Amino acid sequence: MSDITRRRFLESSLLTALTAVGVSASGNAKPLRSSRRGISANDRIRVACIGVNGRGKAHIDAYLSHSDAELVTICDCDSSVVARAQASVEKKGKPKPQGEQDLRRVLDDKNIDAVSIATPNHWHSLAAIWALQAGKDVYVEKPVSHNVSEGRRVVEAARKYNRICQAGTQSRSHKAMQEAMAYIHAGKIGKVTLARGLCYKTRNSIGKVTGPQPVPSSVDYDLWLGPAPEKPPMRAQFHYDWHWFWDYGNGDLGNQGIHQMDIARWALNKSALPESVFSLGGRFGYDDNGETPNTEISFFDYGDAHLIFEVRGLKTGPQDGVKIGDVIYGTEGVVAITDDYGKAVALDNQGNVVMQFHGGGDHFGNFLAAVRSRNMSDLHGDIEEGHISSALCHLGNISFRLGQPQQFQCTPHAFGDDKEAAATFARFEQHLGDNGISLQETNYHVGPKLAIHSGTERFAGNNTANAMLTRRYRKPYVVPESV
């Protein structure tokens, strides 16, 4: 039985198995002066949350639930967001935290031990670096960076200043994921040849505005922009749709997809960047102000194994029984994981369920435990793991952004004789057709295949691509070239 035939057989088996076990198939500034107090064994860890309009709400709830932590400050460049967050804390019967708009005031506070960062992506690395330089321990949301270079700077800062720095890829703390990875790494499904990450998450059009939109009066826009270029917003929804603009976000590959990318790389047991990357896709099905692709495939070659990542923002069914998750293919079976993170299932080559994995975890609790132990190895999602997985997302987007429009009747040359890549592309075409996209009247964007020096985290012989590993920073919000 060929690999393609075997995998097609397993698709139906996986869908049946996932349903049976109850797994859903539905997701240069000046360094700040060090300011840190000593933490005794009986002290509560004093935490500040920076960026609390979206994911940051979960950060607040997490620290309120831990008796060994004290939420002392809430910071957001939108003063109305700060006020709402303070009120929500009081409503839960907890002391009202101090409110700040400028994160620099937070980092100057010697009584704060740790900061938890859930700002928009373009702020993640700089906020983390400044906090590490100020002597704080850091929990930073995914992706930990807006580009490859600044992610490496965060790793360097954590090591130089000997700080605890956790990446917000929370599946790393889930018992089901830890056991599934141990099962895969022990060779229980044979040699792993392919990890497929899936982000089939429907995204509606963000609409099309005719000109620059007003900034909410409660927002300090200079602070919101931070490292990004100074330009007015071109989106109707100020506080979320930044995800779909290159200046601030990384599309769904770096939004939802980073979770599944991290799991796929974890399953492959790879601790560095791949040998090459190649991406294609487009923004199909609507005409709006969004810049990032809503449909994208990225191919990563590790030599002895491949990672294929698919993003679909239009209506779609599951692949291999999964919509948002991962399917890990070995020579002796497969493991399927969905965005529940608390469940996974292993099948043999005959489609029989041979193992189920269950159990959640507490990523914030793991961070607090490492802050107390001062042992980086206690972290489930150390910053370097977060950096490598985030970098994979950035590499895929760089290839896409360097691409050229191409007609659908032309199969990408970069596939070569890779039958799995060709089959993935065929499903990509079928998906668009199912959503009423005329392939005869539509082009897609085809990026170049880019060779990568994993040791230097740079592209081989492509200055244009290398320039996209970083960005031009707006003073004084500059990520240092070295820390």
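A few points about this structure:
- Hydrodynamic radius of the chain per Kirkwood, over alpha carbon pairs, in Å: 23.0
- Protection proxy ranking of 452-462, 80-90, 294-304 - average other beta-carbon atoms within 10 Å, highest first: 294-304, 80-90, 452-462
- Cα-based shape type of region 175-334, given that a ≥ b ≥ c are square roots of the gyration tensor eigenvalues and the cut on a/c is 1.5: prolate
- Taking a point 7 Å from the Cα of MET355 along the Cα-to-Cβ direction, the residues of region 175-216 with backbone N closer than 19 Å to it are 175-196.
- When CYS165, CYS410 are compared by accessible area at a 1.4 angstrom probe, the order from most to least is CYS410, CYS165.
- Estimated from helices alone, the mean residue ellipticity of the chain at 222 nm is -9500 deg cm²/dmol (sum of -39500 (n - 2.57) over DSSP H runs with n ≥ 4, per residue).
- Placing a label point 7 Å from the Cα of ASP378 along the Cα-to-Cβ direction, the residues of region 94-132 whose backbone N falls under 17 Å from that point are 113-115.
- For LYS188, the lysines whose Cα comes closer than 29 Å to its Cα, not counting residues fewer than 8 places off in the same chain, are LYS175, LYS270, LYS323, LYS343, LYS419.
- The Cβ shell under 10 Å around ALA465 holds other residues with a net charge of +2, Lys and Arg each +1, Asp and Glu each -1.
- Surface accessible to a 1.4 Å probe, per residue, for the residues of the chain, Å²: 39
- Local electrostatic count at ALA83 - Lys and Arg +1, Asp and Glu -1, tallied over other residues with Cβ under 15 Å: -1
- Net charge of the neighbourhood of THR316, taken over other residues with C-beta under 10 Å away and scored Lys/Arg +1, Asp/Glu -1, is +3.
- Derived scalar couplings between HN and Hα for region 305-318 equal 7, 10, 10, 10, 10, 10, 10, 9, x, 8, 4, 7, x, x Hz in order, rounded to whole Hz, by the Karplus curve 6.51 cos²θ - 1.76 cosθ + 1.60 (θ = phi - 60°), x for Gly and Pro.
- Taking 23 Å as the straight-line reach from the Cα of LYS160, the lysines in range (excluding those fewer than 8 positions away in the same chain) are LYS30, LYS110, LYS136, LYS142.
- Mean-position separation - Cα centroids, region 341-392 and region 98-157, in angstrom: 22
The values are calculated or read from the model by the stated rules, or taken from the named source; none is laboratory data. Everything numeric in this text was worked out from a predicted model, so none of it was measured. Cβ coordinates were reconstructed from backbone atoms using ideal geometry, including for glycine residues, and neighbour counts include every protein chain displayed. SASA here: full protein model, heavy atoms, side chains in, ligands and nucleic acids out. Shrake-Rupley method; radii C 1.70, N 1.55, O 1.52, S 1.80 Å.
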